[in-house]
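Here's the structure, in structure tokens; my notes come after.
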Amino acid sequence: QVQLVETGGGLVQAGGSLRLSCAASGRTVSMGWFRQAPGKEREFVAAISWSGGSTYYADSVKGRFAISRDNTKNTMYLQLNSLKPEDTAVYYCAARRGVELILTTRESEYDYWGQGTQVTVSS
């Protein structure tokens, strides 16, 4: 069982930046970020392959957020730039095990989940 721990959330003004980290206790293959805003369903944000060579973003964050990972530290990152109030949500990291497959936006295809970290963007 791999445990995931997110850090880096906080309160920031619109237009500001944050960097989220997700530390894994063991090896994973592709990983991703999801978020859940108050009163809304959890949604996909970004995903990255094990090598970091492939990434995929939701249209709503493309060009503003950047996903990366450092496998020597078993850690994934999400750089959030040009933040908007609508980015306010709890951000979750997720990871898949087993054989590397194509990147996916589907929650059901991720095996491990973190507890989440709150990001609040004020206007």
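The values are calculated or read from the model by the stated rules, or taken from the named source; none is laboratory data. Please read these numbers as outputs of a predicted model, since none were measured by experiment. Note that we place each Cβ from the backbone using ideal geometry, even for glycine, and neighbour counts take in every protein chain shown. When the accessible area is computed, the model is the full protein with side chains, heavy atoms only, and any ligands, DNA or RNA have been set aside. Shrake-Rupley method; radii C 1.70, N 1.55, O 1.52, S 1.80 Å.
General observations
- Glu86, sole failed condition from (1) in contact with a Lys or Arg (Cβ under 8 Å, 6 or more places away or on another chain); (2) surrounded by fewer than 16 Cβ atoms within 10 Å (Cβ to Cβ); (3) outside any loop (DSSP other than H, G, I, E, B): (1)
- Considering the range 95-123, and only residues there that are over 13 Å from Arg35 (Cβ atoms) and not in a loop (DSSP other than H, G, I, E, B), the residue that is least open to solvent (accessible area, probe 1.4 Å) turns out to be Ala95.
- Residue match in the range 59-71 (condition: under 12 Å from Thr28 (Cα atoms) and either open to solvent by 60 Å² or more (accessible area, probe 1.4 Å) or in a loop (DSSP other than H, G, I, E, B) (or both)): yes
- Looking only at residues in the range 8-44 that are loosely packed, with under 13 Cβ neighbours inside 10 Å and farther than 13 Å from Leu80 by Cβ, the one that is farthest from the chain's Cα centre (by Cα) is Gly39.
- Failed condition for Ser54, given (1) open to solvent by 30 Å² or more (accessible area, probe 1.4 Å); (2) among the small types (Gly, Ala, Ser); (3) under 21 Å from Gln3 (Cβ atoms): (3)
- Considering Gly63, Gly116, the condition of being modelled with pLDDT of 95 or more, at positive phi and under 11 Å from the mean Cα position of the chain (by Cα) is satisfied by Gly116 alone.
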